[in-house]
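> This structure is in structure tokens; I'll ask about it shortly.
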Amino acid sequence: MGLVLTPDQWDFVLSELIRVTKPGGYIEISGRRNSHVGSGPIFRKISDSMLSTFSKQNIDINLIYNLESKFELQPNIGEVHRIEKDVIIGPNGGKAGLIVQDIGISYYTSEIKNLSEEMGISEEECKHMIKKDLIEEISQTSPIILHLRFWAQKQLSQ
């Protein structure tokens, strides 16, 4: 959801998650770093186009780095925990890498119209770039993303 929510919407979502969580229950949010180590030119072109689109929609792609502070501003929240883990995208990352690749391809495919407009190419060219060229490039370059996971416990009522 980090790629569709504006900062104000994040505040609302967190407050709602806390509201509906039972006292003593946990809230967990995960996301990923929005840059890719070891990515090739096709991946960078697609990613840069998506980042440009997000910027136009007032989506703060760096908010994931400050999610602890947003959590900590909420009432009734205990200590916020954070874990970071590198994941290789694609077949060289095993099952997890293939799942991350599939999610990324599905997301990019769902954004064909925005991506093709941003890159100045036809939707058909964009689809080919994502479903063939990008997948081939990923298998050769093994890009790494950083997966972030945050969780906190809702405090017991007093």
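The values are calculated or read from the model by the stated rules, or taken from the named source; none is laboratory data. As the structure is a computational prediction, the values presented were derived from the model and not from experiment. Backbone-built Cβ (ideal geometry, glycine too); neighbour counts: all protein chains shown.
> Determine which single condition LYS56 fails, assuming it passes every other condition in (1) in contact with a Phe, Trp or Tyr (Cβ under 7 Å, 6 or more places away or on another chain); (2) among the charged types (D, E, K, R); (3) free of Cβ contacts under 8 Å to residues at least 24 places away in the same chain.
Here LYS56 meets the rest and fails (1).
> Only one residue in GLN57, GLN101, GLN155, GLN140 is exposed (fewer than 13 other Cβ atoms within 10 Å of the Cβ) and either at pLDDT 85 or above or of a type in the set (A, V, I, L, M) (or both). Which one?
Result of the check over GLN57, GLN101, GLN155, GLN140: GLN140.
> Within segment 28-54, take every residue that is in contact with a strand residue (DSSP E or B) (Cβ under 6 Å, 6 or more places away or on another chain) and of a type in the set (A, V, I, L, M) and give me the one that is modelled with the highest pLDDT.
Going through the qualifying residues, I end up with ILE29.
> Kindly indicate the residue of segment 7-50 that is buried (at least 18 other Cβ atoms within 10 Å of the Cβ) and aromatic (Phe, Trp, Tyr) and also nearest to ASN62 (Cα to Cα) among those meeting that condition.
TRP10
> Follow-up question, since we're still on this one. Could you list, ordered by first residue, the pairs with Cβ atoms under 7 Å in which the first is in segment 59-83 and on the phi > 0 side of the Ramachandran plot and the second is outside any helix (DSSP H, G or I) and surrounded by 14 or more Cβ atoms within 10 Å (Cβ to Cβ), at least 6 apart or interchain?
Hits for this filter: ASN76/LYS154.
> Which one is nearest to the chain's Cα centre (by Cα), of the residues in segment 106-126 that are surrounded by 13 or more Cβ atoms within 10 Å (Cβ to Cβ) and part of a loop (DSSP other than H, G, I, E, B)?
Restricting to residues being surrounded by 13 or more Cβ atoms within 10 Å (Cβ to Cβ) and part of a loop (DSSP other than H, G, I, E, B), the top hit is GLU111.
> Let me ask another. Does at least one position in segment 73-83 carry a residue that is closer than 22 Å to VAL37 by Cα and either at pLDDT 90 or above or not aromatic (Phe, Trp, Tyr) (or both)?
Yes: segment 73-83 contains one or more residues that are closer than 22 Å to VAL37 by Cα and either at pLDDT 90 or above or not aromatic (Phe, Trp, Tyr) (or both).
> Report whether or not ILE27 is part of a strand (DSSP E or B), over 16 Å from LEU146 (Cβ atoms) and either touching a residue at least 40 places away in the same chain (Cβ under 8 Å) or in contact with a Phe, Trp or Tyr (Cβ under 7 Å, 6 or more places away or on another chain) (or both).
Against the criterion (part of a strand (DSSP E or B), over 16 Å from LEU146 (Cβ atoms) and either touching a residue at least 40 places away in the same chain (Cβ under 8 Å) or in contact with a Phe, Trp or Tyr (Cβ under 7 Å, 6 or more places away or on another chain) (or both)), ILE27 qualifies.
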